Ligand code: PCA
């Protein structure tokens with residue numbers, strides 16, 4: 001068994017859809033990649049709660065690294081995120097009907113937190129493998145950004161690095177194609 005543990009999260013469907021490609025892709029990932037044994041968890045698409053559950057999973061599993069996945073409509077590449085913003089905005093309601101409008105995630109917290117995994121390197125590794133991969137400069141302001149910000153803030157000062165990766169919704173890539181791109185990204189972090 002591998003010595004290092006990678007926590008991978010995906011989301012439940014939201015916005016009236018039946019599936020969320022982030023969870024489909026997480027489920028399609030192998031149990032071991034590179035130096036890591038994977039532990040997978042599904043998060044609810046709910047502001048605050050998803051981040052709290054991700055942090056709870058980190059406390060329980062004590063992973064060596066964390067990658068949270070979410071789907072994004074209108075994109076055709078797997079996109080590691082560079083930065084999370086300290087702000088919530090719901091263009092549509094989350095799965096508990098909440099649609100905050102420019103609400104601060106962490107009072108007194110940093111305006112933005114950078115990914116602590118090498119987002120650019122992961123994006124470049126995916127592209128170098130001939131798969132669709134690009135660095136993203138914004139995780140948006142919906143539940144994905146909320147989870148990324150909360151987890152990065154929680155892990156600040158720890159040895160555990162984290163990134164959020166958006167994957168295409170809407171059938172742009174199959175779950176297996178997304179999983180193959182994510183595998184390359186995970187192998188690149190060593
Ligand atoms: N995507 C949403 C939240 C859940 C998901 O899969 C987002 O991009 O914020």
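Just so it is clear, none of the values below were taken in a lab; they were calculated from the coordinates. Note that the structure is predicted; figures quoted are calculated from it, not measured. Don't worry about glycine lacking a Cβ; one is built from the backbone with ideal geometry, like all the others, and counts go over all protein chains shown.
General observations
- Residues of region 28-41 satisfying the condition of being assigned to a strand (DSSP E or B), farther than 14 Å from residue 61 by Cβ and touching a helix residue (DSSP H, G or I) at 6+ places or on another chain (Cβ under 9 Å): 33
- Counting the residues of region 105-134 that are in a loop (DSSP other than H, G, I, E, B), within 16 Å of the ligand (Cβ to nearest atom) and under 24 Å from residue 184 (Cβ atoms) gives 2.
- Remark: residue 47 matches the filter, which requires a residue to be more than 19 Å from residue 180 (Cα to Cα), part of a loop (DSSP other than H, G, I, E, B), within 15 Å of the ligand (Cβ to nearest atom) and touching a strand residue (DSSP E or B) at 6+ places or on another chain (Cβ under 7 Å).
- Residue in region 2-16 that is crowded, with 18+ Cβ neighbours inside 10 Å and more than 27 Å from residue 127 (Cα to Cα) present: yes
- Unique match (being in a strand (DSSP E or B) and either under 17 Å from residue 47 (Cβ atoms) or free of Cβ contacts under 8 Å to residues at least 40 places away in the same chain (or both)) among 102, 146, 163: 102
- Filter result (closer than 22 Å to residue 7 by Cβ, free of Cβ contacts under 8 Å to residues at least 60 places away in the same chain and surrounded by fewer than 17 Cβ atoms within 10 Å (Cβ to Cβ)) within region 120-143: 120
- The selection criterion, being in contact with a helix residue (DSSP H, G or I) (Cβ under 7 Å, 6 or more places away or on another chain), farther than 12 Å from residue 144 by Cβ and in contact (Cβ under 8 Å) with a residue 40 or more places away in the chain, does not hold for residue 63.
- Count of region 1-27 residues which are part of a loop (DSSP other than H, G, I, E, B), within 15 Å of the ligand (Cβ to nearest atom) and farther than 21 Å from residue 89 by Cβ: 2
- Region 169-180, residues that are outside any loop (DSSP other than H, G, I, E, B) and either without any contact (Cβ under 8 Å) to a residue 40 or more places away in the chain or surrounded by 24 or more Cβ atoms within 10 Å (Cβ to Cβ) (or both): 178
- Verdict on residue 105 being closer than 18 Å to residue 51 by Cα and touching a helix residue (DSSP H, G or I) at 6+ places or on another chain (Cβ under 6 Å): yes
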